[in-house]
Amino acid sequence: RRAAMDEIGGLPPPPYQLTANPHSLLDETDLVFIDPVSTGFSRAVPGEKPRDFHTFKRDIETVGDFIRLYTTRYLRWPSPKFLIGESYGTTRAAGLSGYLQDRHGLFLNGIMLISSILDFQTASFTPGNDLPYALFLPTYTATAWYHKRLSTRLQTNLRIALREAEDFAQGEYASALMRGSALPVEERARIAGRLAELTGLSAEWIDRANLQIEIHRFCKELLRDQRRTVGRLDSRFTGIDSDAAGETHEYDPSLTNIMGPYTAGFNDYVRRELKFESDLPYEILNPRVWPWKYSEDNRYLNVSETLRKAMTVNPHLKVLVANGYYDLATPYLATERTFNHLGLDPSLQGNVTMRYYEAGHMMYIHVPSLAAQKADLAAFVRSAVSA
């Protein structure tokens, strides 16, 4: 089953319905869904403090120990094993690749990362960190292209526009950001003009922002003249704020777009079809998990080294990475940068497969992307098992 939405993944009128999902992975593999502590129906047992589980380290341990226990109870040690995670679930999956090997001797066939973030420095707009400004640029370009804010030349072909944005982001723009206030005035003006061409924003606004386009300000600014904002999870979708004068958008229209159909669909499905009875609320996005402790020390959480080591120890481990062009939560160039810095031995580079879709963070809400992704995931599972 899947939540019934329109062809592009837009919000239908309530009440919401489930529909048959012809693109399920159930014809290729069993599926086991795990709700980490304080999400879904999962709760800490009496006497345990929920906040003690709301850390990267404890999260990996509890989910990893559950996988070990499930594998043992259901006699699945001889079965092929895959992890699939989305968003923070990709952080969890990469962390589990090492924990399962090191703690339980459980080796995986493959990992499927949907909208990946392994290195949080790539997405943290904090003073002194230039990385996200450059790495988000191609997704700004894709967003501007979708909303027809680019020049006629760039509007002609999305791939051409993205290639130009990628080259500029990793070349002249990255260099300009590193130079900061030492950048000559004439060079600053030229960079601002090029950014304007690639983002649909004005060169004047970009100059006032010191050439640094922060994600939430972009979401507010791109369609300000239309009194609309664009989504973070999926920048194809637009929202309406109480006014058009603020610095950042009031809400993410791509999050509210999916919240109703998916929440209603799951709550009905689990009772009506699975016959599971519980009066607990199914926690879709639980604010009580905050503050989440990402790192044990004063640095960005980065699990890419864990994944590299797991792939090195187990050279049969394959990784599929799914990217949405309109995903401003985990932009595809940031993901490419992480994997280009993974440090994998050349003999293992072929174990990583990148796929791209013309949708956002949850690319599968877009029916053409859903069909393409099913084919990609199925082919990946078969190749990882046959090897």
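Here are some notes:
- Centre separation in Å (Cα based) which lies between region 49-70 and region 276-331: 13
- Equivalent-ellipsoid semi-axes for region 314-387 (Cα gyration tensor, √(5λ), whole Å, largest first): 23, 18, 6.
- Computing Rg and the Kirkwood Rh from the Cα coordinates of region 130-192 gives a ratio, Rg/Rh, of 1.01.
- Here is the size of the chain from its Cα atoms: Rg then Dmax, 21.7, 68 Å.
- Pairs of Cα atoms in region 201-258 fall into 10 Å distance bins, from 0 up to the last occupied one, in shares of 26, 53, 19, 1 percent.
- Coordinate range along principal axes, alpha carbons of region 88-165, Å, largest first: 56, 33, 18
- Ordering of 300-306, 174-180 by packing [mean C-beta count within 10 Å, highest first]: 300-306, 174-180
- Whole-Å semi-axes of the ellipsoid equivalent to region 34-81 (Cα gyration tensor, √5λ, descending): 24, 11, 9
- Counting only residues at least eight positions apart within a chain, or on another chain, the lysines with an alpha carbon under 20 Å from that of LYS81 are LYS309, LYS318, LYS374.
- For region 246-343, fraction of C-alpha pairs farther apart than 24 Å, in %: 54
- Per-q log10 I(q)/I(0), region 170-220, q = 0.21, 0.23 Å⁻¹ (Debye; single scatterer per alpha-carbon; no solvent): -0.70, -0.83
- Anisotropy class of region 27-138 from Cα gyration tensor, a/c 1.5 cut: oblate
- The share of C-alpha pairs in region 169-284 whose separation exceeds 21 Å stands at 54 percent.
- Taking the centroid of alpha carbons for each part, region 112-180 and region 193-264 are 15 Å apart.
Every number in this text was worked out from the coordinates using simple rules, so none of it is lab data. Keep in mind that this is a model prediction, so the values were computed, not measured. Methodologically, a virtual Cβ is constructed for each residue, glycine included, from the backbone with ideal geometry; neighbour enumeration extends over all protein chains shown.
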